[in-house]
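The values are calculated or read from the model by the stated rules, or taken from the named source; none is laboratory data. Bear in mind that the values here come from a model prediction, so they are computed numbers and not experimental data. Cβ sites come from the backbone with ideal geometry, for glycine too, and all protein chains shown count toward neighbours.
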Amino acid sequence: MKLVYVSAIALTVALSGCASILNDKTQAINVSSSTGSDIQGTVNGMPFKAPGVVSVIRENKNKLFVTETEGCTKETIVEKSVDPKFFINILSGGSFGSSTDYASDKMWKYNESVVIACKK
């Protein structure tokens, strides 16, 4: 019976990805304007106000910040990249862990801060 529990735990650890364990489903991005002024808009359809921290869902897509504030760039794209934890997982966890990271979208990350260009 003890062997069954140990096997179940080992299997769970082997099938879970490193980024899936260490990363949340969302990521916080610090958003500000180049002039320091208040701005508002949407990111992938969700409203935001800045300066401030915006929570975005990690996914295999770039994030599109659409600004409604006059004098600011209307669209700012924040590109996705692969979190380095994913590569550690390939070395330590192999294909099971890395495929879990990919399937859960937790392997993706975005810049920690975004500055939206505005004119004074």
Extreme residue, surrounded by the most Cβ atoms within 10 Å (Cβ to Cβ), among residues of the range 77-120 that are at pLDDT 75 or above and of a type in the set (Val, Ile, Thr) | Ile116
Subset of the range 38-65 (residues that are surrounded by fewer than 15 Cβ atoms within 10 Å (Cβ to Cβ), under 15 Å from Ala117 (Cα atoms) and touching a Lys or Arg at 6+ places or on another chain (Cβ under 9 Å)) = Asp38, Gln40
What number goes with the only condition from (1) assigned to a strand (DSSP E or B); (2) under 17 Å from Lys109 (Cβ atoms); (3) out of contact with any Leu (no Cβ under 7 Å at 6 or more places or on another chain); (4) without any contact (Cβ under 8 Å) to a residue 24 or more places away in the chain that Phe65 does not pass?
-> (4)
